[in-house]
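Enquirer: Below is one structure. I have some questions about it.
The values are calculated or read from the model by the stated rules, or taken from the named source; none is laboratory data. Please read all numbers here as calculations on a predicted model, not as lab measurements. Cβ coordinates were reconstructed from backbone atoms using ideal geometry, including for glycine residues, and neighbour counts include every protein chain displayed. What goes into the accessible areas is simple: the full protein's heavy atoms, side chains included, and nothing from ligands, DNA or RNA. Shrake-Rupley method; radii C 1.70, N 1.55, O 1.52, S 1.80 Å.
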Amino acid sequence: MGKGRLEAFSDGVMAVIITIMVLELKTPHEPTLQALLANLPVFLSYALSFVYVGIYWNNHHHMLHAVQKVNGRVMWTNLFFLFWLSLFPFVTSWVNETHPFPAPVPTALYGVVLLMAALSWIPLGRALIACNGGHEGTLGRALGGEHGAWKEKISPVLYVAGIGLSFVAPIASCILYTVVAILWFVPDRRIEHQLKQHE
């Protein structure tokens, strides 16, 4: 099957996720800078979630650009990935609405969702590789090397550390989640390099 509908559906889901998250931002009740700054933690958590969705959208676009077709396995693994992504508005809202901010359990659940989104990315990539020429296909060659793979290995470790730290120092967990986002801010260069070789 062609990849067009899967790509359009995924883009739509991610756009809705971002829309839901921004609707959770509440305007201050007072027309003062102090009232605006009081909402700064809420805005920062929204910004972090927005960046995460943006990172996944960007890398999803790159990965699909390197393939020509999809199959049933790809569609189901993509839905599994989107399921975890769709929980971002819920966990972001829970982190924002609990006191003290950030509270241990919501911060831990936020980390669990981040971890599961990252882990669900792995079978999606493998399914796309298998459906498009295996390790000899464009995507397979791009992701088969070790260059850039270190981020895939260290990210789950940082998420697990953040989940554990959330019960002791939730703010440290938020810092770890931010560090992982910074690591992935630039799209996977391996795919771009592989595509340029075929131009």
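Enquirer: Given the criteria out of contact with any Ser or Thr (no Cβ under 9 Å at 6 or more places or on another chain), open to solvent by less than 60 Å² (accessible area, probe 1.4 Å) and modelled with pLDDT of 95 or more, does Leu119 qualify?
Expert: Numbers: out of contact with any Ser or Thr (no Cβ under 9 Å at 6 or more places or on another chain): yes; open to solvent by less than 60 Å² (accessible area, probe 1.4 Å): no; modelled with pLDDT of 95 or more: yes.
Against the criterion (out of contact with any Ser or Thr (no Cβ under 9 Å at 6 or more places or on another chain), open to solvent by less than 60 Å² (accessible area, probe 1.4 Å) and modelled with pLDDT of 95 or more), Leu119 does not qualify.
Enquirer: Would you point out the residue of the range 1-22, among those that are surrounded by fewer than 11 Cβ atoms within 10 Å (Cβ to Cβ) and over 19 Å from the mean Cα position of the chain (by Cα), that is nearest to Asn59 (Cα to Cα)?
Expert: Per the stated criteria, the residue is Gly4.
Enquirer: Scanning for something surrounded by fewer than 19 Cβ atoms within 10 Å (Cβ to Cβ), out of contact with any helix residue (DSSP H, G or I) (no Cβ under 9 Å at 6 or more places or on another chain) and β-branched (Val, Ile, Thr), does the range 144-159 turn up at least one residue?
Expert: The answer is yes; a qualifying residue exists.
Enquirer: Does Gly134 fit the bill of being open to solvent by 10 Å² or more (accessible area, probe 1.4 Å), of a type in the set (Gly, Ala, Ser) and at pLDDT below 95? Outline the logic, then answer.
Expert: Working: open to solvent by 10 Å² or more (accessible area, probe 1.4 Å): yes; of a type in the set (Gly, Ala, Ser): yes; at pLDDT below 95: yes.
When the stated conditions are applied, Gly134 passes them.
Enquirer: Is at least one residue of the range 71-86 open to solvent by 50 Å² or more (accessible area, probe 1.4 Å), closer than 17 Å to Ala130 by Cα and not hydrophobic (A, V, I, L, M, F, W, C)?
Expert: Yes - at least one qualifying residue is present in the range 71-86.
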